[in-house]
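Throughout, read-outs are computed from the coordinates displayed, never taken from laboratory work. The structure displayed is predicted, hence computed values, not measured ones. Here the Cβ positions follow ideal geometry from the backbone for every residue, glycine too, while neighbour counts run over all protein chains shown.
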Amino acid sequence: MPRKAKKVIKRAIPPDAQYRSVAVAKFINKIMMRGQKATAERIFYDALLLASQQLEKEPLDVLQQAIKNATPLLMVRSRRVGGATYQVPIEVKADRGQTLAMRWLITSARGQGGKSMGKKLANELVDAFQGRGTTIKKREDAHKMAQANKAFAHFRW
């Protein structure tokens, strides 16, 4: 957050070439490591194709539903009040929730062992589409934490 400027200007991300979707372009950018975009694109498109074949649905529908199921609605933020630190529940904005969902999907896919990244990501997308898996558990944990600390909601500002 800049000190002098009033608002941070967000850069517009151009849509990807295959599906013409900004969400797909963001997902590919999050997968990318060390600037290897072509590798990230290959991994993502392979994973999306595998996931859509397993579920027998359209690829973009699979991605959108998986992200929607993994998006958190509530989170906790640390607030320091009078020498004590409280975990204060806050609502998550839509773009922040989508970013977290994508990040959680990718990190949980990377955490699995053995298979190629495309297969691991496809499995994670299928699990998120069906409402189960590591990413969904992470979202549920965030919601439980927010629910447990709702007594401190009056510290939100």
The set of residues whose placed amide H lies less than 5 Å from the amide H of Ile90, leaving out same-chain residues fewer than 5 positions away, is Met75, Val76, Arg77
Between rounded, prolate and oblate, where does region 81-124 land on the alpha carbon gyration tensor, with a ≥ b ≥ c its root eigenvalues, rounded for a/c under 1.5, else prolate if a/b exceeds b/c?
-> oblate
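In region 40-96, what GluC sites (Glu not before Pro) fall in a loop by DSSP, with at most 10 other Cβ atoms inside 10 Å?
Passing sites in region 40-96 are Glu56.
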Please tell me which of these pairs span more than 18 angstrom C-alpha to C-alpha: Lys7/Lys93; Lys30/Lys120; Lys4/Lys30; Lys30/Lys57?
-> Lys4/Lys30; Lys30/Lys57
Return one quarter of the surface area of the convex hull spanned by the alpha-carbon atoms of the chain, equal to its mean projected area, in nm².
-> 11.7 nm²
Show which aspartates and glutamates lie in cross-link reach of Lys144 when reach means a straight Cα distance below 16 angstrom and same-chain residues fewer than eight apart are skipped.
-> Glu91
Taking only C-alpha pairs under 8 Å that are 6+ residues apart, what is the relative contact order of the chain in percent?
-> 25 percent
Residue-averaged [θ]222 nm for the chain, counting only DSSP H segments that reach four residues, each worth -39500 (n - 2.57) | -18000 deg cm²/dmol
Say a site is exposed when it is one of the trypsin sites (Lys or Arg not before Pro), sits in a DSSP loop, and has at most 16 other Cβ atoms within 10 Å; what is then the longest site-free stretch of the chain?
-> 58-92
